[in-house]
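A short write-up of the structure that comes next.
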Amino acid sequence: MSKFTFEKTPIEGLFVITPTVFGDHRGYFMETYQKEEFASAGIDVDFVQDNESCSSRGVLRGMHFQKKNPQGKLVRVLEGEVFDVAVDLRPGSSTYGKWHGVTLSAENKKQFYVPEGFAHGFLVLSERATFVYKCTRFYCPNDEGGLAYDDPAVGIEWPITPDMELKLSDKDTKHPTLAEL
C-alpha cells in the first residue's frame with residue numbers, strides 16, 4: 001500500500017501530495033517523504049537542504065526563484081494555513097507563465113512539489129503559519145530572482161480578503177513582471 005497519493009496538476013511536473021496519516025488516541029504518524037515512492041510517481045530528485053519559516057496572517061512571500069541554479073521544492077505546513085503558488089518559468093514549456101495554487105495546512109497535511117524552473121510563493125491565511133520545505137539545490141543569495149506577485153498577465157488569484165493586511169518585504173514589491181523577465 002502506498003503511503004502517498006500523488007495528484008498531478010494541469011502543469012506538468014507539479015504535484016499535490018497527500019500522505020497517509022495513521023492516527024489513534026495518542027496522536028498520529030505519517031511519512032512526509034520516501035525516495036522510492038516519490039521516484040515511482042515521477043519525482044526522482046535528491047534534496048540537499050531543508051528550510052523553515054514562520055509568518056503571520058497576510059504575509060505574502062514570493063514569487064521567488066533561482067536564476068542559474070534552480071531549486072525544486074517539496075513544501076508543507078506544520079502550523080496554520082497558507083495558499084501556495086507556483087508559476088511555470090521553464091523556457092519552451094507549453095504552460096509557460098501559467099500558475100497553480102493549493103491550500104496547504106497543518107490540518108490537511110498536503111504537500112506541494114514544485115520542480116526546478118518555477119517561481120514559488122505563498123500567502124499566510126491563518127493567524128500564524130510555520131512553513132517547511134526541502135530543496136534540490138543549495139540557496140545562492142547572488143542568484144535570486146523574482147516575479148511580481150500581482151502581474152496581471154499571470155493573473156494569480158490570491159485569496160486576499162478585505163480584512164487582510166497584506167505584508168510584503170521591500171524586495172517582493174519590486175520584482176519585474178513576466179514580460180520584463
Problem - For the chain, built as a Gaussian network whose Cα springs stay under 10 Å, the top-fluctuating residue of Thr20, Thr103, Thr161 - result: Thr161
Handout entry: Long-range HN-HN contacts of Met63 with modeled amide H, under 5 Å
Key = Leu147, Tyr149
Exercise for the section: Would you mind calculating the gained length between Thr173 and Arg90 on full extension (0.36 nm times residue separation, minus the Cα-Cα distance), in nm to one decimal? Expected result: 27.6 nm
Fill in the blank from the handout: With all protein chains present, the chain has a carbon and sulfur share of its accessible area (1.4 Å probe) in percent of 50 percent
Practice task
Between beta-carbons, use under 10 Å as the cut-off and find the net charge around Asn51, counting Lys and Arg +1, Asp and Glu -1.
Solution key: 0
Problem - Additional length obtainable on full extension of the chain from Gln49 to Asn142, 0.36 nm per residue less Cα span - result: 31.8 nm
Practice task
Tell me what the chain gives for mean residue ellipticity at 222 nm when only DSSP H runs of n ≥ 4 count, each as -39,500 (n - 2.57), the sum divided by the residue total, rounded to 500 deg cm²/dmol.
Solution key: -500 deg cm²/dmol
Problem - Label assignment, semi-axes √(5λ) of the Cα gyration tensor in Å derived from the structure, set [x] 26, 21, 15; [y] 32, 20, 17; [z] 43, 20, 11 - result: [x]
Practice task
With 25 Å as the limit, write out which pairs from Lys35/Lys110; Lys110/Lys171; Lys109/Lys174 have Cα-Cα distances beyond it, or answer none.
Solution key: Lys110/Lys171; Lys109/Lys174
Exercise for the section: For Thr32 paired with Thr18, estimate the spin-label separation in nm (one decimal), with each label point 7 Å from Cα along the Cα-to-Cβ line. Expected result: 2.0 nm
Exercise for the section: Evaluate the charge dipole of segment 25-144 about its Cα centre and quote only its size in Debye, nearest 20, assuming +1 on the Cβ of each Lys and Arg and -1 on the Cβ of each Asp and Glu. Expected result: 220 debye
Completion exercise
For segment 128-181, whose charge dipole is built from +1 on Lys and Arg Cβ atoms and -1 on Asp and Glu Cβ atoms, the candidate among Tyr149, Phe131, Ile160 with its Cα farthest towards the positive end is Phe131
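The values are calculated or read from the model by the stated rules, or taken from the named source; none is laboratory data. All figures in this text were calculated on a predicted structure; none of them were measured in a lab. FYI the Cβ positions are ideal-geometry reconstructions off the backbone, even for glycines, and counts take in every protein chain you see. Side chains are part of the model used for accessible areas, which takes the heavy atoms of the whole protein and leaves out ligands, DNA and RNA. Shrake-Rupley method; radii C 1.70, N 1.55, O 1.52, S 1.80 Å.
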